[in-house]
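Data block below; observations after.
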2 protein chains.
Amino acid sequence: MQKASDEARGNGMTLGFVPTMGSLHEGHLSLVDIANRFTDMTVVSIFVNPKQFGPGEDLKKYPKNVERDKRLLRQRGCSVVFVPDAKEMFNKNFKSEVYVRDLSRLLCGITRKTHFKGVTTVVAKLFNIVKPHISVFGQKDAQQAAIIRRMVKELNFDIKILTGPTIRERDGLAMSSRNAYLSNLERIEATVIYRSLREAEQMIRKGERRTRKILTRMKKMIQEKKKAKIDYVKAVEMKTLKPVEEVRGEVLFAVACYFGRTRLIDNTIIRVRI
Amino acid sequence: MQKASDEARGNGMTLGFVPTMGSLHEGHLSLVDIANRFTDMTVVSIFVNPKQFGPGEDLKKYPKNVERDKRLLRQRGCSVVFVPDAKEMFNKNFKSEVYVRDLSRLLCGITRKTHFKGVTTVVAKLFNIVKPHISVFGQKDAQQAAIIRRMVKELNFDIKILTGPTIRERDGLAMSSRNAYLSNLERIEATVIYRSLREAEQMIRKGERRTRKILTRMKKMIQEKKKAKIDYVKAVEMKTLKPVEEVRGEVLFAVACYFGRTRLIDNTIIRVRI
């Protein structure tokens, strides 16, 4: 992969990169479209990164279908599919880690304590292997995007980070490989996450600026669902991910919620002129 | 710097890189010679990295003489001197870290707990900024070299790491910017480190294989000096830095010792056919 990248770069081509864990859906493919738009050659990696799963999480049952993924990527104009070997990526004596303090401990980092260290470590590795000019991440994983941006800036990766908007099912549920885990009832109830985010937008459009009021209303909506168990519903500053009390400038409203045993996340960015 | 590197790489040149904290001596300059031998263009960075100094260490008094350093580098055929700004490298909200577990806690890591995290973080940054093909480190800092090799391999930096042999004063003392701190008596006594390493080599040449015997002899030699206070005298495996009991294959004999308030390190690599 490094040789292929060097060669492409040597020929004056620009490289785009979309790291994924496979089991691709329209969310991932829309990121490929973005990479294609801005670069000459798009690389997509498929790697179910063991380091970003905690004990008891869904590493073993995480959906896999590499042949289908490759076909979808080919159709979408992706030039290179990079599928590294798990043992080559992390041998049993692996000691290195890349970490972004503070940001990795907030929001999803509270229940998933080692998750973002796993993400930053594998993404740093993939950046060094793929050597892209541009890398595209989904805004659905808002905290991940914020942490990757921070890592890239602070560790001086010469890579431009772009984010692509969340792609949704017809009823508003954010696309996720984990939606496949949901029972019929859970699947129906899970749309409340999206509706709670729309509700927040509407309250703000009508003039509400107190995040406490908005978050209370969101939580109430979600809690009405039988299968829902809220992990967090928060309003935070985009770059630091710290809670905000008043909606001013850019605010990230983020939700994490279990439906049965499946943990789903979603968010919306609200922009209010100061 | 990133633009200059991309341009040189685009022109098919290979880049060598020697990261330093300035206050250059023949030890550093010999690394520049090595980089020159293997690459088309050598970049030397001068940056007194605050993150690798612990509280109470010598960050503030660390010797600085950038103009002299630049002159020496020019004479030695170094193409680019990179002197980054401290605030640009680490702003006050800097949150990212690159760390190699276990190896960073042994030997010097016992007294200098955050030292190697500071080293790996700044070297990862510098690698991403300078984008070299080859980077050269001094074997005098044996633990640093082992940790950097490990980081490069595990995080997939596409950089070949070379090490240059320790350069010594006429009486055997390993060259170090910190030698300037020594009083006359300390300077004279400090040569015992070198002599203890030669003694180890001689004992092994004569057939001794028990590291316990060798280390005891070395410690005794050093302790005889009035100003000496041993931090550690150890025999360890080259890659893992774990203690070995028997001299077989490659063994690193490493010494860290205070003379007055100045902490000096030195080492020798012993190779015994198995």
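The values are calculated or read from the model by the stated rules, or taken from the named source; none is laboratory data. Please read all numbers here as calculations on a predicted model, not as lab measurements. All Cβ positions, even for glycine, are placed from backbone atoms using ideal geometry, and neighbour counts span all protein chains on display. Heavy atoms of the whole protein, side chains included, go into the accessibility calculation; ligands, DNA and RNA do not. Shrake-Rupley method; radii C 1.70, N 1.55, O 1.52, S 1.80 Å.
Which ones in region B:98-113 are facing chain A (nearest Cβ under 9 Å) and either open to solvent by 30 Å² or more (accessible area, probe 1.4 Å) or in contact with a strand residue (DSSP E or B) (Cβ under 9 Å, 6 or more places away or on another chain) (or both)?
B:Val98, B:Tyr99, B:Val100, B:Arg101, B:Asp102
Show the residue pairs that are 6+ apart or on different chains and have beta-carbon atoms under 8 Å apart, the first residue being within region A:49-60 and within 21 Å of A:Asn91 (Cβ to Cβ) and in the same structural domain as A:Gly118 (by TED's automatic domain parsing), the second being outside any loop (DSSP other than H, G, I, E, B) and among the polar types (S, T, N, Q).
Here the result reads A:Lys51/A:Thr121, each pair linking region A:49-60 to a residue that is outside any loop (DSSP other than H, G, I, E, B) and among the polar types (S, T, N, Q).
Name the residue, out of B:Glu201, B:Glu189, B:Glu154, that is in the same structural domain as B:Phe47 (by TED's automatic domain parsing) and among the charged types (D, E, K, R).
On the way: B:Glu201 fails: in the same structural domain as B:Phe47 (by TED's automatic domain parsing); B:Glu189 fails: in the same structural domain as B:Phe47 (by TED's automatic domain parsing).
When all the criteria are applied, what remains is B:Glu154.
Would you mind telling me which numbered condition in (1) part of a helix (DSSP H, G or I); (2) under 21 Å from the mean Cα position of the chain (by Cα); (3) surrounded by fewer than 19 Cβ atoms within 10 Å (Cβ to Cβ); (4) among the hydroxyl-bearing types (Ser, Thr, Tyr) B:Tyr194 fails?
(3)
Mind listing just one residue for me: the one in region A:1-40 that is in contact with a strand residue (DSSP E or B) (Cβ under 6 Å, 6 or more places away or on another chain), of a type in the set (A, V, I, L, M, F, W, C) and not in a helix (DSSP H, G or I) and, of those, nearest to A:Pro63 (Cα to Cα)?
Restricting to residues being in contact with a strand residue (DSSP E or B) (Cβ under 6 Å, 6 or more places away or on another chain), of a type in the set (A, V, I, L, M, F, W, C) and not in a helix (DSSP H, G or I), the top hit is A:Val18.
Collect the residues in region B:31-51 that are over 18 Å from B:Gln139 (Cα atoms), of a type outside the set (Ser, Thr, Tyr) and in contact with a helix residue (DSSP H, G or I) (Cβ under 7 Å, 6 or more places away or on another chain), keeping them in residue-number order.
B:Met41, B:Val43, B:Ile46, B:Phe47, B:Asn49, B:Pro50, B:Lys51
Name every residue in region B:130-145 that is among the hydrophobic types (A, V, I, L, M, F, W, C), assigned to a helix (DSSP H, G or I) and more than 12 Å from every other protein chain (Cβ to nearest Cβ), in order of residue number.
Of everything in region B:130-145, those that are among the hydrophobic types (A, V, I, L, M, F, W, C), assigned to a helix (DSSP H, G or I) and more than 12 Å from every other protein chain (Cβ to nearest Cβ) turn out to be B:Ala142, B:Ala145.
Would you confirm, using the coordinates I've provided, whether A:Arg168 is charged (D, E, K, R), crowded, with 19+ Cβ neighbours inside 10 Å and touching a strand residue (DSSP E or B) at 6+ places or on another chain (Cβ under 9 Å)?
no
Given the condition of a type in the set (A, V, I, L, M, F, W, C) and within 14 Å of chain B (Cβ to nearest Cβ), answer yes or no: does some residue in region A:32-39 qualify?
Restricting attention to region A:32-39, the residues satisfying the condition of being of a type in the set (A, V, I, L, M, F, W, C) are A:32, A:34-35, A:38.
Then drop every residue that is not within 14 Å of chain B (Cβ to nearest Cβ), which leaves none.
No, region A:32-39 has no match at all.
Restrict the check to region B:170-190 and report whether at least one residue is assigned to a strand (DSSP E or B), under 20 Å from B:Ile34 (Cβ atoms) and without any contact (Cβ under 8 Å) to a residue 40 or more places away in the chain.
No, there is no match, as no residue in region B:170-190 is assigned to a strand (DSSP E or B), under 20 Å from B:Ile34 (Cβ atoms) and without any contact (Cβ under 8 Å) to a residue 40 or more places away in the chain.
Residue under question is A:Ile148, and the condition is that it be outside the structural domain of A:Arg195 (by TED's automatic domain parsing), over 22 Å from A:Leu241 (Cα atoms) and not in a loop (DSSP other than H, G, I, E, B); does it hold?
Working: outside the structural domain of A:Arg195 (by TED's automatic domain parsing): yes; over 22 Å from A:Leu241 (Cα atoms): no; not in a loop (DSSP other than H, G, I, E, B): yes.
It is false that A:Ile148 is outside the structural domain of A:Arg195 (by TED's automatic domain parsing), over 22 Å from A:Leu241 (Cα atoms) and not in a loop (DSSP other than H, G, I, E, B).
Any residue in region B:140-164 that's on the phi < 0 side of the Ramachandran plot: show its pairings with residues that are modelled with pLDDT under 95 and open to solvent by less than 10 Å² (accessible area, probe 1.4 Å) at Cβ separation under 9 Å, as long as the two are six or more apart or on different chains.
none
Scan region A:5-37 for residues that are surrounded by fewer than 17 Cβ atoms within 10 Å (Cβ to Cβ) and among the hydrophobic types (A, V, I, L, M, F, W, C) and jot them down.
A:Met13
From the list B:Phe127, B:Phe116, which residue is within 11 Å of another protein chain (Cβ to nearest Cβ), among the aromatic types (Phe, Trp, Tyr) and either over 19 Å from the mean Cα position of the chain (by Cα) or crowded, with 21+ Cβ neighbours inside 10 Å (or both)?
One residue alone meets the criteria, B:Phe127.
Output yes when any residue across region B:191-202 is of a type in the set (A, V, I, L, M), within 14 Å of chain A (Cβ to nearest Cβ) and either touching a residue at least 40 places away in the same chain (Cβ under 8 Å) or under 30 Å from B:Val98 (Cβ atoms) (or both), and no when none is. Quick ask: steps written out before the conclusion?
Of region B:191-202, the ones of a type in the set (A, V, I, L, M) are B:192-193, B:197, B:200.
Filter once more, keeping what is within 14 Å of chain A (Cβ to nearest Cβ): none.
Scanning region B:191-202, I find no residue that is of a type in the set (A, V, I, L, M), within 14 Å of chain A (Cβ to nearest Cβ) and either touching a residue at least 40 places away in the same chain (Cβ under 8 Å) or under 30 Å from B:Val98 (Cβ atoms) (or both), so the answer is no.
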